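Below is one structure, written out as structure tokens; the observations come after it.
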Amino acid sequence: MKILVCISSVPDTTTKITFADGNTKFNTAGVQFVINPYDEFGLSRAMQLKETLGGNVTTITVGRADTEPVIRKALAIGADDAVRIDADPMDSLQVATEIANYAKDKGFDLIITGRESIDYNGGAVPGMLAELLGINSVSPCVKLDIDGTTATMQTLIDGGKEVVKSSLPLVAAAQKGMVEESELRIPNMRGIMAARTKPLAVVPGAAAGNAKFKTFDLPAPKAACKMVSADNVEELVHLLHTEAKVI
Amino acid sequence: MSVLVFAENWDGNFKKSTFESVAYAAGLAQAAGGSVTAVVIGNVSADNLSSLGTYGATKVVHYDGADVNHQGVASIVAQAVQAAGAKYVVFNGTWKSKGAAPRLAIKLNAAIATEVVELPSSTAPFTVKKKTFSGKAFAHVELSSDVKIIVLSTNSYGVKENAVTAAVEKGSGSATEKDNSLQHVEYQKTSGKINLTEAELVVSAGRGMKGPENWGMVEQLAEALGAATACSKPVADIGWRPHHEHVGQTGIAVAPNLYIAIGISGAIQHLAGISSSKKIVVINTDPEAPFFKAADYGIVGDALQVVPKLTEAIKKLKG
């Protein structure tokens with residue numbers, strides 16, 4: 001089983017978001033970067049699959065050298081080797097094209113991505129990657145079992161879940177459920193030591209995108225909260241009905 | 001210059017998110033020039049097909065037959081775009097659309113913007129506003145391709161009527177064998193519940209409920225309001241509530257008219273998922289809870305005391 005896991009380096013979920021250079025850039029000052037939470041579910045499932053089926057787990061990241069601490073963390077969790085496509089990730093098309101170009105002749109049985117990255121929230125890489133490679137994709141994938149060359153998966157539909165089957169190779173876009181929170185792998189000291197010497201190949205990037213993030217802004221600040229006494233919930237209902245007009 | 005919209009249906013019926021995407025397409029056609037063609041796939045009645053005219057579709061192209069997966073949607077919509085010579089393709093924010101749109105982008109060499117919240121601020125260059133950082137911020141994205149794809153963030157544009165007469169015609173085209181190699185096995189539907197992403201009213205609760213045995217009162221409040229139920233991440237993690245109710249940065253993002261947060265402190269990750277709510281009510285024992293800073297209305301008090309009283313007051317209002 002040859003598995004490729006796509007890893008995005010993203011700001012920690014507790015990050016307070018601000019922008020720099022006239023709101024044209026995300027302000028990275030003082031920000032802690034982590035493995036994209038959705039990718040972490042995927043990486044943990046990849047490790048479980050490797051343990052039961054044997055094989056090899058490679059990670060791939062499109063990013064500059066500043067993403068290497070996050071890549072080393074993925075190696076410390078247990079990936080065998082890593083690839084970094086040396087480019088600034090600009091949009092989904094560019095990232096998907098880079099990964100597809102790398103993966104197309106390597107014979108991966110399974111490609112796992114996160115459902116989306118929690119920074120730019122495109123959610124488009126899994127589908128684009130699969131389309132570029134001419135294979136099936138399931139996003140979000142909340143359960144993934146492999147039997148021989150067949151994958152049985154669960155995906156979400158509006159109003160429930162759907163069970164689907166596909167032959168390999170395919171792209172599965174992880175979110176919680178592919179593994180549970182309690183099954184997420186945390187690097188141990190041995191893993192961290194081993195990660196230092198695991199192979200991390202750097203490949204120059206070449207792909208172009210077609211969407212440009214021009215400027216950013218933050219949601220408008222809220223007016224002060226109107227407090228209502230706990231003994232007077234009728235007042236709240238009245239305000240919601242006549243002032244806010246939402247009920 | 002025509003705007004094409006994928007009008008998704010469920011067992012032959014459209015939902016609010018379908019009408020929202022058709023209404024958005026009508027707004028886009030007005031801004032960019034052109035008319036709206038809706039693409040419908042599956043067994044849908046003639047009355048339902050022509051009802052899309054209410055929201056501004058002047059033409060409905062119907063691909064009759066069995067329902068198809070997201071890969072099939074991408075194939076059929078690609079054929080429809082080429083047949084109509086469309087320059088814009090609009091999708092609603094459902095799972096199937098989010099799956100189909102990126103594949104379509106590759107097929108058509110089209111740029112894509114997802115989680116879009118408004119009509120374009122400019123059509124040349126084409127610039128739209130989308131959610132980023134999981135609702136903590138917005139980005140203005142410029143799409144520079146010939147055909148452009150827009151995937152809406154549900155409940156952000158709203159359903160707007162713009163009644164025209166829709167001419168219904170049959171489409172010719174189908175999903176490929178390759179698309180169908182992703183095999184459907186079964187659906188596991190959660191019946192009778194209001195869909196959280198689409199809900200106009202959401203009642204959400206967290207650890208302040210003290211235990212899963214107290215959730216009855218949350219459900220009663222939701223029922224009195226006709227609201228969907230949701231929960232915070234800690235509560236889903238410890239198994240008090242199912243994962244699919246988890247609202248927040250790594251869960252579901254919601255954008256209801258009213259979000260009632262009961263016993264939720266308001267961690268930054270939770271706020272990210274609910275920041276698009278139009279009005280927010282917070283009920284918490286701790287007057288210093290960060291959630292009050294994001295709220296429109298607040299009550300400091302014990303959820304177990306306040307919630308049943310609130311339910312009674314709402315029942316009284318509704319008579």
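Which of these, B:Val81, B:Val164, B:Val202, has the largest mean-square fluctuation under a Gaussian network model of chain B (Cα springs below 10 Å)?
B:Val164
Please say if segment B:1-119 is rounded, prolate or oblate, where rounded means a/c under 1.5 for a ≥ b ≥ c the square roots of the C-alpha gyration tensor eigenvalues, and otherwise the choice is prolate for a/b larger than b/c and oblate otherwise? Mind dumping the intermediate values first?
Numbers: a/c = 1.36, a/b = 1.08, b/c = 1.27.
Because its axes are fairly even, with a/c under 1.5, segment B:1-119 counts as rounded.
Would you be so kind as to identify which of A:Ile192, A:Ala211, A:Leu240 lies farthest towards the positive end of the dipole of segment A:172-246, taking Lys and Arg as +1 and Asp and Glu as -1 on Cβ and the Cα centre as origin?
Of the options given, the answer is A:Ile192.
Check cross-link reach from B:Lys16 to the lysines: straight Cα distance under 17 Å, and skip same-chain residues fewer than eight apart.
Counting by Cα, and skipping residues close in sequence, B:Lys16 has these lysines nearby: B:Lys96, B:Lys98, B:Lys160, B:Lys193.
Given B:Gly239, B:Thr229, B:Thr250, which one lies farthest toward the positive end of the charge dipole of chain B, if we put +1 on the Cβ of every Lys and Arg and -1 on the Cβ of every Asp and Glu?
Selected residue: B:Thr250.
Using only the Cα atoms of segment A:57-146, what semi-axes does the equivalent ellipsoid have when each is the square root of 5 times a gyration tensor eigenvalue? Give whole Å, largest first.
Details: eigenvalues 73, 54, 40 Å².
Each semi-axis is the square root of five times an eigenvalue, giving 19, 16, 14 Å.
Relative to the first principal axis of the alpha-carbon coordinates of chain A, what is the inclination of helix A:37-53, with its axis defined by its Cα atoms, in degrees from 0 to 90 and to the nearest 10?
Compared with the principal axis, the helix lies near 30 degrees.
Could you identify which residue out of B:Phe291, B:Phe91, B:Phe126 has the top mean-square fluctuation in a GNM of chain B using Cα springs shorter than 10 Å?
B:Phe126
What base-10 log of the normalised intensity I(q)/I(0) is obtained for the protein assembly as shown from the Debye formula, alpha carbons as equal point scatterers, at q = 0.09, 0.10 Å⁻¹?
Result of the Debye calculation: -0.68, -0.84.
As an exercise, identify the trypsin sites (Lys or Arg not before Pro) in segment A:42-151 lying in DSSP coil whose Cβ has no more than 16 other Cβ atoms within 10 Å.
Here the sparse-neighbourhood loop sites are A:Arg64, A:Lys104, A:Lys106.
Rg/Rh for segment A:168-210: what does it come to with C-alpha atoms and Rh from Kirkwood? Working shown, then result.
Numbers: Rg = 16.4 Å, Rh = 14.7 Å.
Rg/Rh: 1.11.
Where the only charges are on Cβ atoms (+1 Lys, Arg; -1 Asp, Glu), what is the dipole of segment B:201-318 about its Cα centre, to the nearest 20 debye?
Magnitude of the dipole: close to 260 debye.
Could you give the dipole magnitude of the protein assembly as shown about its Cα centre, charging the beta-carbon of Lys and Arg +1 and that of Asp and Glu -1, in debye to the nearest 20? List each step's numbers first, then the result.
Numbers: 54 positive and 57 negative charges, 114 e Å.
Computed charge dipole of the protein assembly as shown: roughly 540 debye.
What is the percent carbon and sulfur in the accessible area of segment B:201-318, measuring with a 1.4 Å probe over the protein chains and ignoring ligands?
Details: 2260 of 4220 Å².
Using a 1.4 Å probe with all protein chains present, segment B:201-318 comes out at 53 percent carbon and sulfur.
Rounded to the nearest 5, what is the percent of antiparallel bridges among the DSSP beta bridges in the protein assembly as shown?
Within the protein assembly as shown, antiparallel bridges account for around 35 percent of the total.
Would you mind getting the accessible area per residue of chain A, heavy atoms of the protein chains only, 1.4 Å probe, in Å²? Don't skip to the end; give the middle numbers.
Values: 10450 Å² over 247 residues.
In whole numbers, chain A has 42 Å² accessible per residue.
So for segment A:2-217, what percent of the C-alpha to C-alpha distances run longer than 21 Å?
52 percent
Taking each residue in A:221-230, count the Cβ atoms of any other chain within 10 Å of its Cβ, then average. What number comes out?
For peptide A:221-230, the averaged partner shielding equals 6.
Write down, largest first, the equivalent ellipsoid semi-axes of segment B:62-145 in whole Å, where each equals the square root of 5 times an eigenvalue of the alpha-carbon gyration tensor. Kindly include the intermediate steps, with their values, before the conclusion.
Numbers: eigenvalues 120, 52, 20 Å².
Listed largest to smallest, the semi-axes of segment B:62-145 are 24, 16, 10 Å.
What does the accessible area per residue of chain B come to in Å², with a 1.4 Å probe and no ligands, DNA or RNA counted?
Per-residue accessible area for chain B comes out at 37 Å².
Suppose the chain between A:Asp145 and A:Thr28 were pulled fully straight at 0.36 nm per residue; how much longer would it get relative to their current alpha carbon spacing?
38.3 nm
In segment B:130-151, which residues have a backbone nitrogen under 18 Å from the label point lying 7 Å from B:Asn109's Cα in the Cα-to-Cβ direction?
Counting only backbone N, you get B:143-149.
Quick check for me: using +1 on Lys/Arg Cβ and -1 on Asp/Glu Cβ, what's the dipole size of segment B:27-117 about its Cα centre, in debye to the nearest 20? List each step's numbers first, then the result.
Numbers: 6 positive and 4 negative charges, 57 e Å.
Here the size comes out at about 280 debye.
So how far, in whole Å, is the C-alpha centre of segment A:32-74 from the one of segment B:258-319?
38 Å
Can you give the percent of C-alpha pairs in segment B:96-161 whose distance is more than 17 Å?
Summing the P(r) of segment B:96-161 above 17 Å gives 43 percent of all pairs.
Chains B and A: how much accessible area gets covered up at their contact, both sides added, probe 1.4 Å, in Å² to the nearest hundred?
When B and A are taken together, about 6700 Å² of accessible area is lost.
Of all DSSP beta bridges located in segment A:102-247, what percent are antiparallel, nearest 5?
Roughly 60 percent of the DSSP beta bridges within segment A:102-247 come out antiparallel.
For helix A:92-103, report the angle its Cα long axis makes with the longest principal axis of the Cα atoms of chain A; keep it between 0 and 90° and round to the nearest 10°.
Between the helix axis and the principal axis of chain A, the angle is about 20 degrees.
If you build a Gaussian network model of chain B, linking Cα atoms that sit under 10 Å apart, which residue out of B:Pro234, B:Pro120, B:Pro256 swings the most?
Between B:Pro234, B:Pro120, B:Pro256, it is B:Pro234 that shows the largest mean-square fluctuation.
Could you report the accessible area of A:Met227 in Å², rounded to 10, computed with a 1.4 Å probe on the protein chains as they sit in the structure?
Number for this one is 100 Å².
Just tell me how shielded B:51-57 is by partners: mean number of partner chain Cβ atoms within 10 Å of each residue's Cβ, no decimals.
Per residue, the average neighbour count from other chains is 0.
Considering only DSSP beta bridges whose two residues both sit in chain B, what percent are antiparallel, to the nearest 5?
Counting only bridges with both partners in chain B, antiparallel ones make up about 20 percent.
Over all directions, the average projected area of the alpha-carbon convex hull for chain B comes to how many nm²?
17.2 nm²
Can you give the net charge of the other residues whose Cβ lies under 14 Å from the Cβ of B:Gln188, counting K and R as +1 and D and E as -1?
Charge balance near B:Gln188 sits at +1.
Choose one of B:Ile299, B:Leu201, B:Ala38: the residue whose Cα lies farthest towards the positive end of the charge dipole of chain B (beta-carbon charges +1 Lys, Arg; -1 Asp, Glu; about the Cα centre).
B:Ile299
Calculate the mean, over all residues of peptide B:105-114, of how many other protein chain Cβ atoms lie within 10 angstrom of the residue's Cβ.
Per residue, the average neighbour count from other chains is 6.
Residues of segment A:93-134 losing 50 Å² or more of accessible area relative to the isolated chain, 1.4 Å probe, heavy atoms only?
Listed in order, they are A:Ile118, A:Asn121, A:Met128, A:Glu131.
Label B:Gln183 and B:Ala46 with points 7 Å out from Cα along Cα→Cβ: what is the distance between them in nm?
Output for this residue pair reads 3.8 nm.
So for segment B:201-318, averaging the separation of alpha carbon pairs under 8 Å that are six or more residues apart and normalising by length, what relative contact order in percent results?
25 percent.
Under a point spin-label approximation (7 Å from Cα along Cα-to-Cβ), what is the B:Glu118-B:Ala163 distance to one decimal in nm?
Label-label distance for B:Glu118 and B:Ala163, simple model: 3.0 nm.
Normalised by the number of residues in chain A, what is the relative contact order in percent for Cα pairs under 8 Å and 6+ residues apart?
Values: 467 pairs, mean separation 60.2, N = 247.
That works out to 24 percent.
The values are calculated or read from the model by the stated rules, or taken from the named source; none is laboratory data. These numbers were taken from a predicted model, which means no experiment stands behind them. Positions of Cβ are backbone-derived with ideal geometry, glycine not excepted, and every protein chain shown enters the neighbour counts. We work out accessible area using only protein heavy atoms, side chains counted, and drop any ligands, DNA or RNA first. Shrake-Rupley method; radii C 1.70, N 1.55, O 1.52, S 1.80 Å.
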